[in-house]
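The values are calculated or read from the model by the stated rules, or taken from the named source; none is laboratory data. Predicted, not measured: the structure shown is a model, and the values here were computed from it. For neighbour counting, all protein chains shown are included, and Cβ atoms are generated from backbone atoms with ideal geometry for every residue, glycine included.
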Amino acid sequence: MNRPETAGTLRQVHPTAPILDVKGVNLRFGGVRALSDASMHVGQDEMVAVIGPNGAGKTSLLNSLSGFYRPQDGEITLFGESILGMAPHRIAKAGMVRTFQGIHVLSTLSVIENIMLGCGFNARSTLFESFFYHVLTWREEMALRAKAEEIADFLDLGLVRHQPVGTLGYGLRKRVDLGRALALEPKILLVDEPMAGMNGEEKEDLARFLVDIRELWKIPIVMVEHDMSVVMDLADRIYVLNFGQVLAHGKPAEIQTNQDVIRAYLGGSYRAGGAA
Ligand SMILES: Nc1ncnc2c1ncn2[C@@H]1O[C@H](COP(=O)(O)OP(=O)(O)OP(=O)(O)O)[C@@H](O)[C@H]1O
Ligand SMILES: [Mg+2]
């Protein structure tokens, strides 16, 4: 797949400008303040983690970034342009692509077909319906298939490429889901609890792919994750959410020793190697 050399004019003009900039976002559901004056930024090629206890607002933040929730106020800019209030598919088209908590794959389709859904098919009930509606040319289909094959190889899914996804184990299905997101050619990737439900080996594999996506493909990543050892190992910077507010942000070593974080979120029992 051809990775973009640069992901937008702003990046060309101001190489140090944040790709994603979030300022003072407030999101309320009736009396619940899911996000309170939340601000964060993500720079080129950064891996940024968002952590916090259950209900802290992590998914609400990702939903606000990706257009699934509309914050009442604040600013969200992607490559210098406001995306607040933009529909999810337009935000994805602008380059910010997400995966969801849980699994979002079509279990009767093969690995390659699932990844191809990300490449340009809309999710109709079957791939053949998609062909029918989109009237893809043979050449277009070949190009999409080649891209999906490349992603499958990258994610070490080559051996199971033609297997229905429903027959695969949990870790592989999550990997297919990641492949579908990559097929959208993200300029920034948002992942919500990518390791949840995985065993140690599956986590190690996925961690390696996330590092490669960032380092080889130069795609910055925002990762919501509960596993502290994963977060401390992978993240360049961490934002800690608590009751919808950014309680602290900084490098892993700073977060590990931040007294507010230890007291208010992680508690006295926090260990760098443990889960939150
Ligand atoms: N669609 C919604 N309608 C009403 N309340 C919501 C909605 N989405 C989130 N909330 C509320 O916002 C708060 C933050 O929830 P959110 O799902 O963002 O937390 P989280 O940090 O992702 O938690 P978890 O670690 O359990 O995934 C919670 O109080 C939740 O009940
Ligand atoms: Mg969540």
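Odds and ends about this structure:
Yes/no per residue for (1) within 16 Å of ligand 2 (Cβ to nearest atom); (2) among the charged types (D, E, K, R); (3) surrounded by fewer than 21 Cβ atoms within 10 Å (Cβ to Cβ):
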position	(1), (2), (3)
LEU159	no, no, yes
HIS162	no, no, yes
LEU168	no, no, yes
LEU184	no, no, yes
VAL191	yes, no, no
GLY197	yes, no, yes
LYS203	no, yes, yes
ARG214	no, yes, yes
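- Against the criterion of being of a type in the set (Asp, Glu) and at pLDDT below 90, ASP212 does not qualify.
- Qualifying residues in the stretch 44-79 (those that are surrounded by fewer than 17 Cβ atoms within 10 Å (Cβ to Cβ) and in contact with a Pro (Cβ under 9 Å, 6 or more places away or on another chain)) - the one modelled with the highest pLDDT: PHE68
- Within the stretch 36-72, the set of residues being touching a Ser or Thr at 6+ places or on another chain (Cβ under 9 Å), more than 7 Å from ligand 1 (Cβ to nearest atom) and either of a type in the set (Lys, Arg) or under 23 Å from LYS251 (Cβ atoms) (or both) comprises ALA38, GLY43, GLN44, ARG70.
- Any hit, the stretch 92-111, residues being in a helix (DSSP H, G or I), modelled with pLDDT of 80 or more, surrounded by 14 or more Cβ atoms within 10 Å (Cβ to Cβ) and out of contact with any helix residue (DSSP H, G or I) (no Cβ under 6 Å at 6 or more places or on another chain): yes
- Selection of the stretch 186-200 for residues being on the phi < 0 side of the Ramachandran plot and in contact (Cβ under 8 Å) with a residue 24 or more places away in the chain yields PRO186, LYS187, ILE188, LEU189, LEU190, VAL191, ASP192, PRO194, MET195, ALA196, MET198, ASN199.
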